[in-house]
1. In the range 133-145, what residues are over 24 Å from the mean Cα position of the chain (by Cα) and either crowded, with 18+ Cβ neighbours inside 10 Å or within 17 Å of Lys90 (Cβ to Cβ) (or both)?
2. Exactly one of these conditions fails for Ile199: (1) exposed (fewer than 10 other Cβ atoms within 10 Å of the Cβ); (2) touching a Lys or Arg at 6+ places or on another chain (Cβ under 9 Å); (3) part of a helix (DSSP H, G or I). Give me its number.
3. Can you confirm whether the range 167-175 contains a residue that is in contact with a strand residue (DSSP E or B) (Cβ under 6 Å, 6 or more places away or on another chain) and within 24 Å of Ala25 (Cα to Cα)?
4. Would you check if Thr203 is of a type in the set (S, T, N, Q) and outside the structural domain of Phe125 (by TED's automatic domain parsing)?
5. So, in the range 110-144, how many residues would count as being touching a Lys or Arg at 6+ places or on another chain (Cβ under 6 Å) and under 21 Å from Gly158 (Cβ atoms)?
6. Could you tell me how many of the residues in the range 158-185 are polar (S, T, N, Q) and within 19 Å of the chain's Cα centre (by Cα)?
Amino acid sequence: MAARPYWRGQIRLALVSIPVEIFSATKSGAAVAFHQIYEPTGQRIKYEKTVPGIGPVDVDKIIKGFEYAKGEYVLLDDKEIEGVKLESKKTLELTQFVDSHEIDPIYFDKPYYVVPADDLAEEAFVVLREALKRSHKIGLGQLAMRGREYVVSIKGCGRGMVMETLRYADEVHKAASYFRDIGETKPDDDLLDLAQTLIDKKTGAFDASDFHDRYVDALKELIEEKRKGKTIKIEDDKAADPRGSNVVDLMAALKKSLGSSATAAKPDAPDEAPKKKPAAKKPAKAKAEAPAEPTKAPARKRA
(Lines give C-alpha, C1' and ligand atoms only; values in the text may rest on other atoms or scores of the structure.)
Protein backbone atom coordinates (compact mmCIF):
# COMPACT_ATOMS: atom_id res chain seq x y z
CA MET A 1 0.00 0.00 0.00
CA ALA A 2 1.49 3.31 -1.11
CA ALA A 3 0.05 5.40 1.70
CA ARG A 4 2.10 5.77 4.87
CA PRO A 5 0.50 4.38 8.05
CA TYR A 6 -0.65 7.01 10.51
CA TRP A 7 -0.08 4.56 13.38
CA ARG A 8 1.37 1.07 13.81
CA GLY A 9 0.67 -1.16 16.78
CA GLN A 10 -1.69 -3.84 17.95
CA ILE A 11 -5.34 -4.23 18.86
CA ARG A 12 -5.66 -6.27 22.02
CA LEU A 13 -8.79 -8.16 23.06
CA ALA A 14 -8.17 -10.01 26.33
CA LEU A 15 -5.17 -12.25 25.57
CA VAL A 16 -5.41 -11.85 21.77
CA SER A 17 -3.15 -9.26 20.10
CA ILE A 18 -3.61 -8.33 16.44
CA PRO A 19 -0.84 -6.33 14.70
CA VAL A 20 -2.48 -3.57 12.64
CA GLU A 21 -1.77 -0.45 10.67
CA ILE A 22 -4.01 2.60 10.69
CA PHE A 23 -4.42 5.01 7.77
CA SER A 24 -6.26 8.30 7.60
CA ALA A 25 -9.61 7.75 5.87
CA THR A 26 -10.06 11.38 4.83
CA LYS A 27 -8.13 13.98 2.90
CA SER A 28 -8.33 17.69 2.32
CA GLY A 29 -10.87 18.54 -0.33
CA ALA A 30 -10.64 21.14 -3.08
CA ALA A 31 -9.83 24.49 -1.56
CA VAL A 32 -8.60 27.91 -2.62
CA ALA A 33 -5.55 29.02 -0.63
CA PHE A 34 -4.78 32.72 -0.25
CA HIS A 35 -1.54 34.44 0.77
CA GLN A 36 -1.23 37.81 2.44
CA ILE A 37 0.17 40.37 -0.02
CA TYR A 38 1.57 43.85 0.51
CA GLU A 39 -0.61 45.71 -1.99
CA PRO A 40 1.75 48.60 -2.94
CA THR A 41 4.43 46.18 -4.24
CA GLY A 42 2.45 42.97 -4.80
CA GLN A 43 4.96 41.04 -2.64
CA ARG A 44 4.04 38.24 -0.28
CA ILE A 45 4.17 38.91 3.45
CA LYS A 46 6.86 36.88 5.26
CA TYR A 47 7.02 35.94 8.93
CA GLU A 48 10.15 35.46 11.00
CA LYS A 49 10.52 33.81 14.40
CA THR A 50 12.01 36.42 16.68
CA VAL A 51 12.95 36.91 20.33
CA PRO A 52 12.50 40.31 21.98
CA GLY A 53 15.88 42.04 22.29
CA ILE A 54 17.60 39.46 20.07
CA GLY A 55 15.71 39.50 16.77
CA PRO A 56 15.44 36.58 14.29
CA VAL A 57 16.59 33.22 15.67
CA ASP A 58 17.68 29.84 14.28
CA VAL A 59 14.69 27.47 14.16
CA ASP A 60 16.98 24.57 15.17
CA LYS A 61 17.39 26.19 18.57
CA ILE A 62 13.65 26.38 19.30
CA ILE A 63 12.24 23.88 21.83
CA LYS A 64 8.89 23.46 23.56
CA GLY A 65 8.04 25.15 26.84
CA PHE A 66 5.11 24.90 29.26
CA GLU A 67 4.20 28.16 30.99
CA TYR A 68 3.51 27.28 34.66
CA ALA A 69 3.56 30.92 35.78
CA LYS A 70 3.59 34.29 34.02
CA GLY A 71 6.81 34.33 31.98
CA GLU A 72 8.12 31.14 33.64
CA TYR A 73 8.53 27.99 31.54
CA VAL A 74 9.44 24.33 31.94
CA LEU A 75 11.52 23.47 28.86
CA LEU A 76 11.14 20.08 27.13
CA ASP A 77 12.84 18.73 24.02
CA ASP A 78 11.29 16.27 21.58
CA LYS A 79 13.15 13.25 22.98
CA GLU A 80 11.84 13.91 26.49
CA ILE A 81 8.27 14.19 25.19
CA GLU A 82 8.62 11.02 23.09
CA GLY A 83 9.98 9.22 26.15
CA VAL A 84 6.67 9.51 28.02
CA LYS A 85 5.66 5.92 28.79
CA LEU A 86 2.09 5.14 27.82
CA GLU A 87 0.97 1.67 26.78
CA SER A 88 -1.65 3.06 24.42
CA LYS A 89 1.13 4.47 22.22
CA LYS A 90 1.57 0.99 20.78
CA THR A 91 -1.49 -0.95 21.97
CA LEU A 92 -5.19 -0.29 21.48
CA GLU A 93 -6.90 -2.38 24.12
CA LEU A 94 -10.63 -2.87 23.57
CA THR A 95 -12.05 -2.47 27.05
CA GLN A 96 -15.77 -2.08 26.30
CA PHE A 97 -18.36 -2.88 23.63
CA VAL A 98 -21.58 -0.95 23.02
CA ASP A 99 -24.46 -0.95 20.54
CA SER A 100 -23.61 1.27 17.59
CA HIS A 101 -26.58 3.59 18.22
CA GLU A 102 -25.68 4.28 21.86
CA ILE A 103 -23.05 6.92 21.07
CA ASP A 104 -24.35 10.32 20.05
CA PRO A 105 -22.90 11.20 16.60
CA ILE A 106 -21.65 14.52 18.00
CA TYR A 107 -18.86 12.65 19.81
CA PHE A 108 -17.36 11.16 16.63
CA ASP A 109 -14.44 13.15 15.29
CA LYS A 110 -12.19 11.64 12.60
CA PRO A 111 -12.22 8.24 10.82
CA TYR A 112 -9.27 5.95 10.04
CA TYR A 113 -8.99 2.69 8.11
CA VAL A 114 -7.62 -0.29 10.03
CA VAL A 115 -5.91 -3.18 8.20
CA PRO A 116 -3.90 -6.22 9.37
CA ALA A 117 -0.17 -5.50 9.50
CA ASP A 118 0.76 -8.79 7.79
CA ASP A 119 -0.62 -12.12 6.57
CA LEU A 120 -0.14 -13.76 9.97
CA ALA A 121 -2.43 -11.16 11.59
CA GLU A 122 -5.19 -11.56 9.01
CA GLU A 123 -7.00 -14.54 10.57
CA ALA A 124 -7.43 -12.91 13.98
CA PHE A 125 -8.29 -9.61 12.28
CA VAL A 126 -11.11 -11.23 10.27
CA VAL A 127 -12.49 -13.00 13.35
CA LEU A 128 -12.73 -9.69 15.27
CA ARG A 129 -14.23 -7.90 12.28
CA GLU A 130 -16.96 -10.49 11.75
CA ALA A 131 -17.71 -10.76 15.49
CA LEU A 132 -18.30 -6.99 15.60
CA LYS A 133 -20.56 -7.13 12.56
CA ARG A 134 -22.57 -10.10 13.79
CA SER A 135 -23.13 -8.61 17.24
CA HIS A 136 -23.83 -5.10 15.85
CA LYS A 137 -21.37 -3.72 18.38
CA ILE A 138 -18.50 -1.28 18.30
CA GLY A 139 -15.40 -1.67 20.44
CA LEU A 140 -14.04 1.14 22.59
CA GLY A 141 -10.53 1.79 23.82
CA GLN A 142 -7.86 4.48 24.12
CA LEU A 143 -4.99 5.20 21.78
CA ALA A 144 -2.10 7.67 21.94
CA MET A 145 -1.25 9.46 18.68
CA ARG A 146 0.58 12.66 17.81
CA GLY A 147 0.93 14.04 21.31
CA ARG A 148 -2.39 13.11 22.91
CA GLU A 149 -4.48 10.13 23.93
CA TYR A 150 -7.84 9.57 22.24
CA VAL A 151 -10.91 7.55 23.02
CA VAL A 152 -11.52 5.52 19.87
CA SER A 153 -14.16 3.19 18.47
CA ILE A 154 -13.65 0.19 16.21
CA LYS A 155 -16.24 -1.37 13.89
CA GLY A 156 -16.33 -3.62 10.84
CA CYS A 157 -16.31 -1.99 7.41
CA GLY A 158 -16.28 -4.09 4.26
CA ARG A 159 -13.19 -6.31 4.34
CA GLY A 160 -11.52 -4.08 6.90
CA MET A 161 -12.40 -2.05 9.96
CA VAL A 162 -12.87 1.64 10.70
CA MET A 163 -11.51 3.37 13.77
CA GLU A 164 -12.96 6.74 14.77
CA THR A 165 -11.54 9.12 17.33
CA LEU A 166 -14.12 10.38 19.80
CA ARG A 167 -14.32 13.68 21.61
CA TYR A 168 -14.10 13.65 25.38
CA ALA A 169 -17.16 14.75 27.37
CA ASP A 170 -15.52 18.07 28.31
CA GLU A 171 -14.98 18.87 24.61
CA VAL A 172 -18.71 18.90 23.81
CA HIS A 173 -21.07 21.71 24.78
CA LYS A 174 -24.22 20.54 26.55
CA ALA A 175 -27.18 20.79 24.19
CA ALA A 176 -29.56 21.88 26.96
CA SER A 177 -27.91 25.29 27.26
CA TYR A 178 -28.77 25.99 23.61
CA PHE A 179 -32.18 24.28 23.38
CA ARG A 180 -33.74 25.38 26.67
CA ASP A 181 -35.53 28.40 25.19
CA ILE A 182 -37.31 26.28 22.58
CA GLY A 183 -40.90 25.70 23.66
CA GLU A 184 -42.59 22.32 24.06
CA THR A 185 -45.34 23.13 21.55
CA LYS A 186 -46.59 20.08 19.68
CA PRO A 187 -46.99 20.49 15.90
CA ASP A 188 -50.33 20.42 14.11
CA ASP A 189 -51.00 16.92 12.72
CA ASP A 190 -51.85 18.20 9.22
CA LEU A 191 -48.64 20.25 9.06
CA LEU A 192 -46.67 17.29 10.33
CA ASP A 193 -48.18 15.04 7.65
CA LEU A 194 -47.28 17.51 4.91
CA ALA A 195 -43.71 17.83 6.22
CA GLN A 196 -43.40 14.04 6.35
CA THR A 197 -44.69 13.77 2.78
CA LEU A 198 -42.10 16.33 1.66
CA ILE A 199 -39.35 14.35 3.40
CA ASP A 200 -40.54 11.10 1.81
CA LYS A 201 -40.60 12.76 -1.60
CA LYS A 202 -36.96 13.81 -1.27
CA THR A 203 -35.73 10.58 0.32
CA GLY A 204 -33.07 8.65 -1.62
CA ALA A 205 -29.83 6.71 -1.30
CA PHE A 206 -26.85 8.73 -0.09
CA ASP A 207 -24.06 9.27 -2.62
CA ALA A 208 -21.24 11.56 -1.46
CA SER A 209 -20.34 12.35 -5.08
CA ASP A 210 -23.68 14.14 -5.48
CA PHE A 211 -22.29 17.04 -3.47
CA HIS A 212 -19.36 19.37 -4.11
CA ASP A 213 -18.07 22.66 -2.75
CA ARG A 214 -19.88 25.30 -4.80
CA TYR A 215 -18.13 28.11 -2.89
CA VAL A 216 -14.75 26.89 -4.14
CA ASP A 217 -16.12 26.75 -7.70
CA ALA A 218 -17.35 30.34 -7.41
CA LEU A 219 -14.00 31.52 -6.01
CA LYS A 220 -12.10 29.84 -8.86
CA GLU A 221 -14.39 31.54 -11.38
CA LEU A 222 -13.82 34.89 -9.67
CA ILE A 223 -10.02 34.39 -9.71
CA GLU A 224 -10.06 33.46 -13.40
CA GLU A 225 -12.10 36.55 -14.28
CA LYS A 226 -9.71 38.78 -12.32
CA ARG A 227 -6.71 37.11 -14.00
CA LYS A 228 -8.20 37.95 -17.40
CA GLY A 229 -8.63 41.57 -16.33
CA LYS A 230 -12.41 41.57 -16.24
CA THR A 231 -14.27 44.11 -14.13
CA ILE A 232 -15.95 42.45 -11.16
CA LYS A 233 -19.43 43.69 -10.28
CA ILE A 234 -20.25 43.30 -6.60
CA GLU A 235 -23.94 42.84 -5.93
CA ASP A 236 -25.35 44.41 -2.77
CA ASP A 237 -27.28 41.79 -0.85
CA LYS A 238 -27.68 43.76 2.38
CA ALA A 239 -31.40 44.12 1.76
CA ALA A 240 -31.91 40.38 1.84
CA ASP A 241 -32.80 39.03 5.27
CA PRO A 242 -31.23 35.55 5.60
CA ARG A 243 -33.79 34.69 8.28
CA GLY A 244 -36.73 35.21 5.93
CA SER A 245 -40.08 36.55 7.06
CA ASN A 246 -41.34 35.81 10.55
CA VAL A 247 -44.92 35.75 9.29
CA VAL A 248 -45.30 32.62 7.18
CA ASP A 249 -48.34 30.63 6.10
CA LEU A 250 -46.67 27.32 6.92
CA MET A 251 -49.44 25.22 5.40
CA ALA A 252 -49.24 27.11 2.10
CA ALA A 253 -45.43 26.97 2.10
CA LEU A 254 -45.40 23.19 2.64
CA LYS A 255 -48.00 22.63 -0.06
CA LYS A 256 -46.05 24.82 -2.46
CA SER A 257 -42.89 22.84 -1.65
CA LEU A 258 -44.68 19.63 -2.53
CA GLY A 259 -45.82 21.08 -5.85
CA SER A 260 -48.99 19.73 -7.38
CA SER A 261 -48.82 16.41 -5.54
CA ALA A 262 -50.24 17.85 -2.32
CA THR A 263 -53.30 19.34 -4.07
CA ALA A 264 -53.81 16.83 -6.86
CA ALA A 265 -57.10 15.58 -5.43
CA LYS A 266 -58.76 19.02 -5.31
CA PRO A 267 -58.96 19.97 -9.04
CA ASP A 268 -60.71 16.71 -9.96
CA ALA A 269 -63.89 17.27 -7.93
CA PRO A 270 -65.06 20.45 -9.77
CA ASP A 271 -64.35 18.78 -13.13
CA GLU A 272 -66.52 15.76 -12.36
CA ALA A 273 -69.47 17.65 -10.83
CA PRO A 274 -70.57 19.50 -14.02
CA LYS A 275 -70.61 16.21 -15.95
CA LYS A 276 -73.36 14.94 -13.63
CA LYS A 277 -75.59 18.03 -13.93
CA PRO A 278 -77.40 16.79 -17.09
CA ALA A 279 -78.55 13.79 -15.05
CA ALA A 280 -80.95 16.16 -13.21
CA LYS A 281 -83.44 15.58 -16.06
CA LYS A 282 -83.98 12.10 -14.67
CA PRO A 283 -84.78 12.70 -11.00
CA ALA A 284 -84.90 9.05 -10.00
CA LYS A 285 -81.37 8.26 -11.24
CA ALA A 286 -79.95 11.61 -10.26
CA LYS A 287 -80.82 11.12 -6.60
CA ALA A 288 -79.25 7.71 -6.52
CA GLU A 289 -76.19 8.29 -8.69
CA ALA A 290 -75.19 11.95 -8.47
CA PRO A 291 -73.89 11.90 -4.88
CA ALA A 292 -72.09 8.61 -5.25
CA GLU A 293 -69.22 9.46 -7.59
CA PRO A 294 -68.27 12.95 -6.32
CA THR A 295 -68.09 11.78 -2.70
CA LYS A 296 -66.24 8.52 -3.27
CA ALA A 297 -63.64 9.75 -5.77
CA PRO A 298 -62.00 12.34 -3.49
CA ALA A 299 -61.99 9.80 -0.67
CA ARG A 300 -59.93 7.37 -2.74
CA LYS A 301 -57.52 10.07 -3.85
CA ARG A 302 -56.96 11.33 -0.32
CA ALA A 303 -56.14 7.79 0.77
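1. Ala144
2. Tallying (1) exposed (fewer than 10 other Cβ atoms within 10 Å of the Cβ); (2) touching a Lys or Arg at 6+ places or on another chain (Cβ under 9 Å); (3) part of a helix (DSSP H, G or I), Ile199 fails exactly one: (2).
3. First pass over the range 167-175, keeping only residues in contact with a strand residue (DSSP E or B) (Cβ under 6 Å, 6 or more places away or on another chain): 167.
Then drop every residue that is not within 24 Å of Ala25 (Cα to Cα), which leaves 167.
Scanning the range 167-175, I find at least one residue that is in contact with a strand residue (DSSP E or B) (Cβ under 6 Å, 6 or more places away or on another chain) and within 24 Å of Ala25 (Cα to Cα), so the answer is yes.
4. Values: of a type in the set (S, T, N, Q): yes; outside the structural domain of Phe125 (by TED's automatic domain parsing): yes.
So Thr203 passes the test.
5. Residues of the range 110-144 touching a Lys or Arg at 6+ places or on another chain (Cβ under 6 Å): 132, 138, 144.
Remaining after also requiring under 21 Å from Gly158 (Cβ atoms): 132, 138.
Summing the residues that are touching a Lys or Arg at 6+ places or on another chain (Cβ under 6 Å) and under 21 Å from Gly158 (Cβ atoms) in the range 110-144 gives 2.
6. Taking the range 158-185 as the starting set, the residues that turn out to be polar (S, T, N, Q) are 165, 177, 185.
So of that shortlist, the ones also within 19 Å of the chain's Cα centre (by Cα) come out as 165.
Summing the residues that are polar (S, T, N, Q) and within 19 Å of the chain's Cα centre (by Cα) in the range 158-185 gives 1.
Conditions tested, residue by residue: (1) more than 23 Å from the chain's Cα centre (by Cα); (2) under 21 Å from Lys155 (Cβ atoms).
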| position | (1), (2) |
| --- | --- |
| Ala14 | yes, yes |
| Phe23 | no, yes |
| Ala30 | no, no |
| Glu39 | yes, no |
| Lys46 | yes, no |
| Thr50 | yes, no |
| Gly53 | yes, no |
| Pro56 | yes, no |
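The values are calculated or read from the model by the stated rules, or taken from the named source; none is laboratory data. Keep in mind that what you see is a predicted model, and the values were worked out from it rather than measured. Positions of Cβ are generated from backbone atoms using ideal geometry, with glycine treated the same way; all protein chains shown enter the neighbour counts.
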